[in-house]
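What follows is a single structure, written as structure tokens, with notes after it.
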Amino acid sequence: MSISRRKFLGWIGAAGIGSTVGKSALASGNKHFEGYPGSFGVLHDISRCVGCRSCEAACNKVNDLPVPDKAFTDISVLDEKRRTTSKAYTVVNRYDVAGKKEPVFRKNQCNHCLEPACASVCFVRAFKKTPTGAVTYDPNVCVGCRYCMIACPFEIPAYEYNKALEPRVMKCTMCYPRISKGQLPGCVEACPVEALTFGKREDLLMIARERIRKYPDRYINHIYGETEMGGTNWLYISGVAFSDIGMREDLGVTPAPELTSGALAAVPVVAGLWPVLLMGIYAISKRKESISQQEIEDAVRAVSDKADSELAQALAKARKEQEAAVRKEVRKALEEAARSRDKEDI
Amino acid sequence: MSDKAANDAKTWFTPFNVISGTIIIIGIVITILRFTRGLGAVTNLSDNNPWGIWIGFDLLVGVALAAGGYVTSAAVYIFGMKKYHSAVRPAVLTGFLGYALVVVALNYDVGIPWRLPYPFIYQGTTSFLFEVAACVALYLTVLFLEFMPAPLEWLGLKKVRELAVKLTMVLTVLGVIISTLHQSSLGAIFLIAPSKLHPLWYSPYLPTFFFISSIIAGLSMVIFESTLSHHYFADKMDEVHIKENEGVTLGFGKAASLVLAGYFMIKIIGIAGGNNWNLLGTSYGLWFLVELLGFVALPSFLYAVGVRNKDLTLIKWTAVWTVLGVVINRLNVSLIAFNWQLPSSQRYFPSWMEIAISVFVVTVGIVVFRFIVTRMPVFYEHPDYKDKH
Amino acid sequence: MNKGKYLLGFVCILAVSIVFIYSTRILGSGQISDVSSRSRSDVIQIDKMTAFGRLEKPPVEFLHNAHTEALAKKKMDCTACHLTDNDRIFLKFKRIKDTDRIEVMNIYHKGCISCHGEMKAAGEKAGPVECDGCHKEKTLYSSSGQPMGFDKSLHFRHSEVQDKKCERCHHEYDEKAKKLFYAKGKEGTCRYCHQTETKDNLISMRLASHIACIDCHRKNLSKKIAAGPVNCLGCHDREAQQKIKKISPVPRMDMKQPDIALLKTAKKGSGVDTMSLNRMNFVPFDHKAHESYNDSCRICHHESLKPCNECHTLAGIKEGKEVNLEKAMHQVNTGRSCQGCHVLKQDDENCAGCHAFMGKTSRTEDELCLQCHMVPVSEKKKLLKPDDEKMLATAKLLSRTPVTGTYNENDIPEKVIIKNLSNKYEAVDFPHRKIINTLVSNIKDNKLAGYFHSQEGTICQGCHHNSPVSKKPPQCGNCHGKAFDEKNPLKPGIMGAYHLQCIGCHKEMDIKKPAGCTDCHKKIKDKM
């Protein structure tokens, strides 16, 4: 059972298309979105944070979140590392860093990426990057697939798993309703030491650089969020390495949408090329089939034609022989009659 | 048929019925729990692990294993391998049921299932999940139409059946396109999370890996499922089906061997592309090698040996092994190698109720399959429609 | 037959679940890298073969003390591994010089493996004999060895024991005679000549110190005379270093160094009109006092014992690595320059409360320059004899009042009532005068601090910054208002300013109380 050459070529072509799906991931646009101009953000100066949890309390209040079991003044909560949950949009964690006398505190919440992964993967566009800088969520369209939680590199969105009806994805909104009214985000307003600075992202970058310049031995020379995942509206400066306080430094500078844009671009290629190719292959195999059908018919015809002529020849021969025989008999009879006439004449 | 039904009345408590009945009852109880108490009551899902086996197994594995439909119909109708024709209907039926069950399972997993059609209204086209949703919905329709001739023959609706048969070619091409897109899209879903998926499994080629391994899964599933069917439904099969079966097993085995070999090569290219050779020495690397050598290279070799020696038993067992390999691959990408950066205390392990629902869904599939093949012309050709394809 | 198929299905499911359970549980977290970091102070990387090109195998991690201890048990000493010549010990393993690749390699392999092998054969605990046993890809230990310094105290103890025979250690090299000789009065520190790397026949500091120290200690020990350590830990272990006996105070070393010097900008006898090069006021410098502040001459005299301005000229020269005099005296972030060292002192708990907020720059107000640059060039010109110069400097130093100044107690408000958060808490009674008194008393024994805070208003500037010194400086709220002023983004709001200053200062000064909000802000008692 050998594969015909045509069929083989068809397969090779098909395989070729398949392999382009992965490769074209590299070919992405050359445009880089640098955030909405004048969008707001928050600069978190980790070296200033004293771990008082005022921001958590304020966040809980302005967002009408459920009252937690332990009061916000209870600092023993800091003994374990926490993440954001559906009941807490922001959490402060304590880190004991080697070589530092004092513990370091870091506030964690949605970083409001310039190009958010959650918005890019939401198939009902529940997440939106607003020109204010805040990434907002619309619970009225959310299906609850939780792909946003898979995609978020900072592990921020949380889910109301224990709600049977209309559970929501919960995350910090940068107090979008408040900042739209010209108010400060709840946490920023509450911070007693201005470890959180609210302002335009470009101003915050300037402030951060100025602080690093002025106190070179109090800060690591890096602004976290300036380029991470393509940049975020929430920025951080710190006196210790960011990896020592639970912040990933291996996220790279590629904005989330770019991770999938290449593969997405391959979709129309497949949708466009496949039907043409498949119909082509179909046509080839169909034609091959019909050709073989034709050949069979031809052969049959050829055979039957030959048989016909032979039969005719045989018949003709038989007829001739028959005629000859008749003629012979007639002649014989005539001769006989003549001979008997002759005899009578004698 | 009718006298067999009469017999069934007496022997209602067959092992199959008892086991599947129990599973279904448990499943219904958990279903009620799930929809009255929320996901938290029945699953081990957490904020760090938003996807469990209902996505990893029910969706990813379900869709991959339902690939038999498009693979077989493409082979027969597009590549013109008429001699495998008898394999099309069972494969299309399994495909259809597989996809239907995936959709059923998704209703359990998503938070607000009645909003499942929302993606078609608020089209989030930058999401690969949108593509998956669109394709699964479309493909379910395509498979339904592709399977239509069987119930129509059963019901005796000749004219409609003629129409349905005429659509076969268009549906097949459509099926292949849609399958290519969503099989690869399921892999592309994870492209967004390079920081969470282990670098040995993360690759820009994930879509290609998923597409090619779905062909492998499709081919192996047809062999596997025909083996099972021959055991349980041999009485439902006509002569042609039984006669062609050997050819189907050998032919698909050969194809699977070749595709597996190709898959092995591109997986290697994947490691080379990420320059992740050094990671092979770690514990994850070991596990990756188990998957790559044990469940890709080994079955490729075994299929080849089986086809060469015409050893049907070996091919059938290899098919089982290969299917297992695809299951492992999907679970690796979605659960085992995903979130590998988390400390083990925060890792996900399914609750028994999640497993029970997955088993429940599979059982429902088997029961429906059994219902259909014992009634409709799937394993045999309807006497009225002989030679009409 | 049916049973068989059930079994098949069951086996498959079982296999999948086993595999699944196994993989999540066993693989667990990806970051299982808690290899207990073991550190020792006797770790030596044997990578000597790099001298002959690329290494074929990873370098060997060698634990020196483990070997000396093992040998001591067998009553063997250094000579088991090190060659000696005329009581001099060679630091290289069983050889004097690195000859060639094969030979050195053979020395190591033969030396190590044969000994390990013999010990193994004798049933003793021994090191590895197979390649991978020594040449390991991963290093197991990190070195906790501390650099060993020869401080004033140690120097004094050595010179005392050696009856001030400096020539026992100090030497110079005679290029012509190609040998070492002793030059009286020219002694410097070892490191002036012996650098980190061996150059030609000038051996590295590491080599020189190990030869000189260990040889001498060894000889003395063999003569049963008390001597310093001969093993790694004795000098390089952190704990052992702390146990070394300290003399305090150390009698002053006599190198004919000045007691008080007048630091000038141009160096002596440079031919040209030196006086015209002197533009900046001269600085009277208490050399004797600074000797007592430091552990070794090398802190300031980092390359040689010459005066600073011989290498660091006004414009900078090659000998001074192009570092000009201004930089040499004012560069911050180094302990070598005057200002750099003084700024480092601001990290002290008693100082950091205020100084941590000021940033570390060498630029200061003009009048502050005159605190050091006290002697106008014109005054110097009036001098006739060189001795007068010293007298002038001494007089200037004596005129200084190194005492922190403050305003009259009554001029300092005793309390400040802060009402900014009165909606949440009771007003804060800020103990203003008590704080100032504490700050002043904290630095009262500090001559450096006293000199720079002798003006009455200086200490106030720690909080009342960015405004001129005055008895009644502006209050916090006069400058700090609403937070996040777009026009002045670097200035904190009033709440931020208070908290940053108070909490920041307490943190820097390591003051544990008050802690938490309510230690300062009393809760509002009854809200009717």
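None of the figures in this text is laboratory data; all of them are computed from the coordinates on show. This one's a predicted model, so the numbers in the text were calculated from it and none came from an experiment. FYI the Cβ positions are ideal-geometry reconstructions off the backbone, even for glycines, and counts take in every protein chain you see.
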Notebook entry, point to check: Taking H as built 1.01 Å from N, whose amide H comes closer than 5 Å to the amide H of C:Phe430, not counting residues under 5 places away?
Noted result: C:Val416, C:Ile417, C:Ile418
Notebook entry, point to check: In Å, the Kirkwood hydrodynamic radius of region B:54-183 over pairs of distinct alpha carbons?
Noted result: 15.4 Å
Check: Short version: what are the Cα gyration tensor semi-axes of region B:259-389, square root of 5 times each eigenvalue, largest first, in whole Å?
Finding: 36, 25, 12
Next item on the list: Measure nothing but the geometry: give the 0 to 90° angle between the long axis through the Cα atoms of A:5-23 and the longest principal axis through the Cα atoms of chain A, rounded to 10°.
Entry: 10 degrees
Margin query: For the pair A:Lys214/C:Ala427, report the inter-label distance in nm, with labels modelled 7 Å from Cα in the Cβ direction.
Written below: 3.0 nm
Check: If you take the Cα Rg of chain B and divide it by 2.2 N^0.38 Å, with N the number of residues, what do you get?
Finding: 1.00
Notebook entry, point to check: How do A:188-201, B:298-311 rank on mean C-beta neighbours within 10 Å, highest first?
Noted result: A:188-201, B:298-311
Notebook entry, point to check: What FRET efficiency would be calculated for the residue pair B:Ile366, B:Glu239, taking the C-beta separation as r and a Förster radius of 25 Å, to the nearest 0.05?
Noted result: 0.45
Next item on the list: Quick one: P(r) of the protein assembly as shown from all Cα-Cα pairs, 10 Å bins, percents rounded to integers, in order of increasing distance.
Entry: 1, 7, 12, 13, 13, 13, 12, 10, 7, 5, 3, 2, 1, 1, 1, 0, 0, 0, 0, 0, 0
Note to self: Please list, ordered by chain and number, the residues whose modelled amide H lies under 5 Å from the amide H of A:Met170; skip anything fewer than 5 residues away on the same chain.
What the structure shows: A:Ala158, A:Tyr159, A:Glu160
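Please give the calculated 222 nm ellipticity per residue for chain C, where each DSSP H segment of at least 4 residues contributes -39500 (n - 2.57) and the sum is spread over every residue; nearest 500 deg cm²/dmol?
It comes out at -10000 deg cm²/dmol, rounded to the nearest 500.
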Notebook entry, point to check: What does the charge dipole of chain A about its Cα centre add up to, to the nearest 20 debye, if the Cβ of each Lys and Arg holds +1 and the Cβ of each Asp and Glu holds -1?
Noted result: 220 debye
Next item on the list: Take the alpha-carbon centre of region C:387-435, take the same for region B:249-323, and report the distance between them in whole Å.
Entry: 80 Å
Check: So, by mean Cβ neighbours within 10 angstrom, what's the order for A:116-129, C:494-507, C:308-321 with the highest one leading?
Finding: A:116-129, C:494-507, C:308-321
Checklist line | Counted charge near C:Lys522, where neighbours are those whose Cβ lies closer than 10 Å (Asp, Glu -1; Lys, Arg +1) | finding: -1
Note to self: Could you tell me which residue out of C:Cys134, C:Thr79, C:Gly149 lies farthest along the dipole of region C:76-165 toward its positive end? Charges go on the beta carbon: Lys and Arg +1, Asp and Glu -1, centred on the Cα centre.
What the structure shows: C:Gly149
Note to self: Could you tell me which residue out of B:Ala164, B:Leu200, B:Ile216 lies farthest along the dipole of region B:152-230 toward its positive end? Charges go on the beta carbon: Lys and Arg +1, Asp and Glu -1, centred on the Cα centre.
What the structure shows: B:Ala164
Next item on the list: Output the Cα-based Rg and Dmax of region A:21-159 in Å, rounding Rg to one decimal and Dmax to a whole number.
Entry: 17.8, 54
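Just counting partner chain Cβ atoms within 10 Å, what average do the residues of peptide A:272-284 show around their Cβ?
4
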Notebook entry, point to check: Going down the table (B:Lys83/B:Lys316; B:Lys82/B:Lys243; C:Lys415/C:Lys522; C:Lys256/C:Lys288; C:Lys186/C:Lys385), which pairs top 22 Å between alpha carbons?
Noted result: C:Lys186/C:Lys385
Margin query: Taking every pair of distinct Cα atoms and averaging 1/r, then inverting, what Kirkwood hydrodynamic radius in Å comes out for chain A?
Written below: 26.8 Å
Notebook entry, point to check: Under a 5 Å amide H to amide H cut-off, with H placed in plane at 1.01 Å, what residues pair with A:Leu196 once short-range neighbours are removed?
Noted result: A:Asp45
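What FRET efficiency do you get for C:Leu63 and C:Ser399 if R0 is 35 Å and r is their Cβ-Cβ distance, rounded to the nearest 0.05? Don't skip to the answer; put the middle values down first.
On the way: r = 60 Å, r/R0 = 1.71.
Result of the calculation: an efficiency of 0.05.
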Item checked: Rg followed by Dmax, in Å, when region C:456-528 is reduced to its Cα trace -> 15.0, 47
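How large is the helix-only mean residue ellipticity at 222 nm for chain B, computed as the sum of -39500 (n - 2.57) over DSSP H runs with n ≥ 4, divided by its residue count, in deg cm²/dmol to the nearest 500?
-21000 deg cm²/dmol
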Note to self: Counting only other residues whose beta carbon sits under 13 Å from that of B:Phe57, what net charge do I get with K and R as +1, D and E as -1?
What the structure shows: -2
Check: How do A:Val269, B:Val71 rank when sorted from fewest to most other Cβ atoms within 10 Å of their own Cβ?
Finding: A:Val269, B:Val71
Item checked: Unit charges on C-beta of K, R, D, E only; dipole of the protein assembly as shown, Debye -> 1840 debye
Check: Based on DSSP H assignment, which helices of chain C show an axial Cα extent of at least 20 Å together with a mean Kyte-Doolittle hydropathy greater than or equal to 0.0?
Finding: C:2-22, C:494-508
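What Kirkwood hydrodynamic radius, in Å, does region A:111-206 give when the mean of 1/r is taken over all pairs of distinct Cα atoms and then inverted?
Result for region A:111-206 stands at 14.6 Å.
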Next item on the list: Please list the equivalent ellipsoid semi-axes of region C:312-439, computed as the square roots of five times the alpha-carbon gyration tensor eigenvalues, in descending order and whole angstrom.
Entry: 42, 22, 11
Item checked: chain C - Rg and Dmax from Cα coordinates, angstrom -> 33.5, 124
Note to self: Please report the net charge: other residues with Cβ closer than 14 Å to the Cβ of A:Asp298, K and R +1, D and E -1.
What the structure shows: -1
Check: Are there any helices in chain B, counted as whole DSSP H runs, that stretch 20 Å or more along their axis by Cα and score at least -1.0 on average by Kyte-Doolittle, and if so which?
Finding: B:15-37, B:88-109, B:128-147, B:168-188, B:206-232, B:239-274, B:312-331, B:352-373
Checklist line | Helix-only CD estimate at 222 nm, as mean residue ellipticity for chain A, using -39500 (n - 2.57) per DSSP H run (n ≥ 4) | finding: -15000 deg cm²/dmol
Checklist line | Leading residue at positive end of dipole, the protein assembly as shown (Cβ point charges), from C:Thr361, B:Val333, B:Tyr122 | finding: C:Thr361
Notebook entry, point to check: Just how large is the dipole of chain C about the Cα centre, in debye to the nearest 20, putting +1 at every Lys and Arg Cβ and -1 at every Asp and Glu Cβ?
Noted result: 700 debye
Next item on the list: Measure off 7 Å from each Cα along the Cα-to-Cβ vector at A:Met206 and A:Ala98, then give the distance between these two points in nanometres to one decimal.
Entry: 4.0 nm
Checklist line | Quarter of Cα convex hull surface for region B:141-232, i.e. mean projection, nm² | finding: 8.4 nm²
Check: Across 10 Å bins from the origin, how do the percents of Cα pairs in region A:210-346 run, short distances first?
Finding: 9, 13, 10, 8, 8, 8, 7, 6, 6, 5, 5, 4, 4, 3, 3, 1, 0
Check: Taking only the alpha-carbon positions of region C:403-508 and ignoring solvent, what does the Debye formula give for the base-10 log of I(q)/I(0) at q = 0.23 Å⁻¹?
Finding: -1.40
